[in-house]
Amino acid sequence: MKISLFLFCLLCPLLLYAAVDEDDYQKIDYTQIRHIHGALLKKSTAGTGHNLAATTHKYRLTVKFSRDIRKLSPANRKVLQDWGETLRVREDFLAQYQREFKVALNGETLWIPLREPMVNDMGNELHTDNAFELFVLLIGAIDQRFVFLATDFKSSRSLEQ
């Protein structure tokens, strides 16, 4: 058992560096994520810190583009750092997450960290309020909200083809 856990922790970060394989990401509605991972949220009540997901879940969310982008918040940075330390994710991968953008999902506002190369690509390919697929990793929760990392996206033009 210890050997298999060791191998999982060793190999899991390597999978993060590969190109996004869309088939690895489950297409899901945000309401379903809240239902499946409700316990993770309950454990992250305000003032109690944050919780990391026991495993990293890969999801495809359909969201609308907003041009609201800001510097990575201290709370999301802390979850990202702790997740990276726990899974021994390479620093150069973590360093790609310097900004986050605003997404509204079922009336809830989330700020989702995104890889720096995505910032310009999204700005060039998407227009405000365009629906697009966002590929995310669910890594934890803080203050009763999920923390996702955006790894890639697919514009509505790509979806129509």
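The values are calculated or read from the model by the stated rules, or taken from the named source; none is laboratory data. Values in this document were obtained by computation on a predicted structure and should not be read as measured data. Neighbour counts run over all protein chains shown; Cβ positions are idealised from the backbone, glycine included.
Listed values, structure above:
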item	result
Members of segment 27-83 that are among the hydrophobic types (A, V, I, L, M, F, W, C) and not in a helix (DSSP H, G or I)	ILE28, ALA46, LEU52, ALA53, ALA54, LEU61, VAL63, PHE65, ILE69, LEU72
Enumeration of residues in segment 120-154 that are more than 19 Å from THR62 (Cβ to Cβ) and touching a strand residue (DSSP E or B) at 6+ places or on another chain (Cβ under 6 Å)	ILE139, GLY140, ALA141, ILE142, VAL147
Subset of segment 102-119 [of a type in the set (Gly, Ala, Ser) and in contact with a strand residue (DSSP E or B) (Cβ under 8 Å, 6 or more places away or on another chain)]	ALA104
Identity of the residue in segment 133-161, of a type in the set (Gly, Ala, Ser) and surrounded by fewer than 18 Cβ atoms within 10 Å (Cβ to Cβ), that ends up modelled with the highest pLDDT	SER156
Scope segment 105-118; condition surrounded by 14 or more Cβ atoms within 10 Å (Cβ to Cβ) and at pLDDT 90 or above; matching residues	LEU110, TRP111, ILE112, PRO113, LEU114, ARG115, MET118
Single residue of segment 53-104 satisfying the filter (under 19 Å from LEU134 (Cα atoms) and without any contact (Cβ under 8 Å) to a residue 24 or more places away in the chain) that is surrounded by the most Cβ atoms within 10 Å (Cβ to Cβ)	LEU94
Selection within segment 85-131 - under 22 Å from ILE142 (Cα atoms), in contact with a helix residue (DSSP H, G or I) (Cβ under 9 Å, 6 or more places away or on another chain) and assigned to a loop (DSSP other than H, G, I, E, B)	ARG88, VAL89, ALA95, GLN96, ASN106
Any hit, segment 107-114, residues being farther than 20 Å from HIS50 by Cβ and in contact (Cβ under 8 Å) with a residue 60 or more places away in the chain	no
